[in-house]
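Novice: Pasting a structure here, questions to come.
The values are calculated or read from the model by the stated rules, or taken from the named source; none is laboratory data. Here the structure is a predicted model, which means the values were calculated and not measured. Virtual Cβ from ideal backbone geometry, glycine too; neighbours counted across all protein chains shown.
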Amino acid sequence: MTNPSRETHCLYWSFVTRWGSPPLTLGLYISDDNPHIEALFRTTKYWPGYPYGGFESLTDSRIWVEKFVSYYNYHHRHSALKFVTPHDVHEGNHLEVLSKRAELYEKG
């Protein structure tokens with residue numbers, strides 16, 4: 001299997017040398033430009049049902065994204081949110097969840 005980033009790199013340098021334009025190095029090879037998006041993409045890849053082979057249609061992709069967003073907001077417990085869901089935080093329920101969790105830990 002070939003490395004797509006290497007192919008892109010070779011294509012880019014071929015273009016630069018052929019047309020004599022100055023090379024751009026403005027973060028061209030940085031894969032983690034936005035850590036939040038990278039983390040979200042990593043979460044999508046590990047979610048059950050991730051379509052590794054692609055989608056059959058635009059409608060299928062939209063249905064999958066709707067299901068994922070629902071899961072992400074209502075069921076996925078985020079480490080940065082002390083393992084509560086974004087919906088709990090948005091609705092203000094996270095304080096109750098965290099206090100119940102603290103009580104449980106104290107009993108255990």
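Novice: Go through the residues of region 4-16 one by one and say whether even a single one is modelled with pLDDT of 80 or more and surrounded by 12 or more Cβ atoms within 10 Å (Cβ to Cβ).
Specialist: Scanning region 4-16, I find no residue that is modelled with pLDDT of 80 or more and surrounded by 12 or more Cβ atoms within 10 Å (Cβ to Cβ), so the answer is no.
Novice: Hey, can you tell me all the residues within region 37-53 that are within 8 Å of the chain's Cα centre (by Cα) and aromatic (F, W, Y)?
Specialist: Correct list: F41 only.
Novice: Something else about it: Could you list all residues from region 66-96 that are in contact with a helix residue (DSSP H, G or I) (Cβ under 9 Å, 6 or more places away or on another chain), among the hydroxyl-bearing types (S, T, Y) and surrounded by 15 or more Cβ atoms within 10 Å (Cβ to Cβ)?
Specialist: Answer for region 66-96, where residues must be in contact with a helix residue (DSSP H, G or I) (Cβ under 9 Å, 6 or more places away or on another chain), among the hydroxyl-bearing types (S, T, Y) and surrounded by 15 or more Cβ atoms within 10 Å (Cβ to Cβ): Y72, T85.
Novice: Tally time: how many residues in region 53-72 are in contact (Cβ under 8 Å) with a residue 24 or more places away in the chain and within 24 Å of R101 (Cβ to Cβ)?
Specialist: Qualifying residue count for the region: 2.
Novice: Would you mention how many residues in region 73-106 are part of a helix (DSSP H, G or I) and either in contact (Cβ under 8 Å) with a residue 12 or more places away in the chain or more than 16 Å from L40 (Cβ to Cβ) (or both)?
Specialist: Final tally of qualifying residues: 22.
Novice: Could we say that D60 is charged (D, E, K, R) and in contact with a helix residue (DSSP H, G or I) (Cβ under 8 Å, 6 or more places away or on another chain) here?
Specialist: Answer is no for this residue.
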